[in-house]
Amino acid sequence: MKNLLWLSILVVTVTSCDYFKQEVSGNPVARVNQSYLYKADLNDLFSETSQLEDSAQLVNNYINRWATQQLLIDRAKVNLTQEQLDEFEHLVNQYKIDLYTQAYKNNIVSRELDSLVSKPELLTFYELNKENFKLNDPLLKLRYVHVGNNFSKLNSLAEKLKRFNKEDKKELMEMNIQFKSYNLNDSTWIKRDRLLESLPILATQSQVLKKSNFAQLQDSLGVYLLQIEDFLDRNDTAPLQHVENTIIQIILNQRKQELIKKLEKDITKDAIKNKTFEIYPQQ
């Protein structure tokens, strides 16, 4: 509970830069002890479409909330120990430093980071780090067709699915209105769990999920024709296609860290050169 109180006080302090302002400047609209709220502080509350009644209520709510926060701050300054206040002051200052420096770094990164990752760079990284890309779930490349139990041209359909030449692909796509479901894109890896969601019958027929295997299954919902082109089991090395986006993010993050490190090094070097940064000898 005590830590929660400290955190609340810290957040309130950070979100209002004028809590400890003593002097009166501009047009004050409210005061709590020696802290003032000014008319200019209310400008961001309004939009061009604000109604007069809504605006008045908005201002009143804001002033009351501000006053409550000020009273809590003043009470905290009286009741907290000096050690606690010093700690919060340090945290607030560090938060400001982190906020400014991170914003500046992000600005530099967004402007100067090369976000293009070439295919050779992608492949090189993959080849050097294959051992780090192990599958947590089995993957398959396959094509399948699910038709009703009364489908009349089952043998012809099976032949087209297995052979799958250019003419077969065209004819299968023209027939797809007759299918209950299908997948003819066998160039993309699919997680086994996702496949089981589409074809629940495979939950009890997992033995058919083998590389270069054709299977014909049937239940009360229809007939399932499957041509498995490739299969990778758990703990096998993940294919490049499956981890490509992950690798791109890793490479970009490495570039970002290198860019930030160079920025920090250069800014310090320039400051020393321009004599805006000096380290005094210790006595």
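A few points about this structure:
- Against the conditions (1) free of Cβ contacts under 8 Å to residues at least 40 places away in the same chain; (2) loosely packed, with under 11 Cβ neighbours inside 10 Å, residue 206 satisfies every one except (2).
- Verdict on residue 117 being of a type in the set (A, V, I, L, M, F, W, C) and loosely packed, with under 15 Cβ neighbours inside 10 Å: no
- Taken together, the residues in the stretch 241-275 that are acidic (Asp, Glu) and within 29 Å of the chain's Cα centre (by Cα) amount to 3.
- Contact annotation: residue pairs with Cβ atoms under 7 Å, 6 or more positions apart or on different chains, pairing a residue in the stretch 211-233 that is on the phi > 0 side of the Ramachandran plot and in the same structural domain as residue 144 (by TED's automatic domain parsing) with a partner that is of a type in the set (Lys, Arg) and outside any strand (DSSP E or B), are 222/180.
- Where residue 248 falls short, out of the listed (1) among the hydrophobic types (A, V, I, L, M, F, W, C); (2) surrounded by 15 or more Cβ atoms within 10 Å (Cβ to Cβ); (3) not in a helix (DSSP H, G or I): (3)
- Annotation note: of 204, 246, the sole residue that is of a type in the set (Ser, Thr, Tyr) and not assigned by TED's automatic domain parsing to the domain that holds residue 152 is 246.
- Some residue of the stretch 145-167 being of a type in the set (Ser, Thr, Tyr), closer than 25 Å to residue 232 by Cβ and out of contact with any Lys or Arg (no Cβ under 9 Å at 6 or more places or on another chain): no
- Unmet criterion (only one of (1) in contact (Cβ under 8 Å) with a residue 60 or more places away in the chain; (2) assigned to a loop (DSSP other than H, G, I, E, B)) for residue 282: (1)
- Annotation for the stretch 120-131: at least one member residue is under 30 Å from residue 209 (Cβ atoms) and hydroxyl-bearing (Ser, Thr, Tyr).
- Just one of (1) exposed (fewer than 11 other Cβ atoms within 10 Å of the Cβ); (2) among the basic types (Lys, Arg); (3) modelled with pLDDT of 95 or more fails for residue 275. It is (3).
- Checking each residue in the stretch 121-137 for being in a helix (DSSP H, G or I) and either out of contact with any Asp or Glu (no Cβ under 7 Å at 6 or more places or on another chain) or among the small types (Gly, Ala, Ser) (or both) picks out 121, 123, 124, 125, 126, 127, 128, 130, 131, 132.
- The lone exception for residue 148 - which of (1) over 26 Å from the mean Cα position of the chain (by Cα); (2) surrounded by 13 or more Cβ atoms within 10 Å (Cβ to Cβ) it fails: (2)
- Among the candidates 166, 180, 162, the residue that is over 32 Å from the mean Cα position of the chain (by Cα), exposed (fewer than 11 other Cβ atoms within 10 Å of the Cβ), among the basic types (Lys, Arg) and farther than 30 Å from residue 108 by Cβ is uniquely 166.
- Residue-level analysis places residue 239 among those that are modelled with pLDDT of 95 or more and more than 30 Å from residue 148 (Cβ to Cβ).
- Residue check, residue 140 under 30 Å from residue 251 (Cα atoms) and part of a strand (DSSP E or B): yes
The values are calculated or read from the model by the stated rules, or taken from the named source; none is laboratory data. Source: prediction; values computed, not measured. Neighbour counts run over all protein chains shown; Cβ positions are idealised from the backbone, glycine included.
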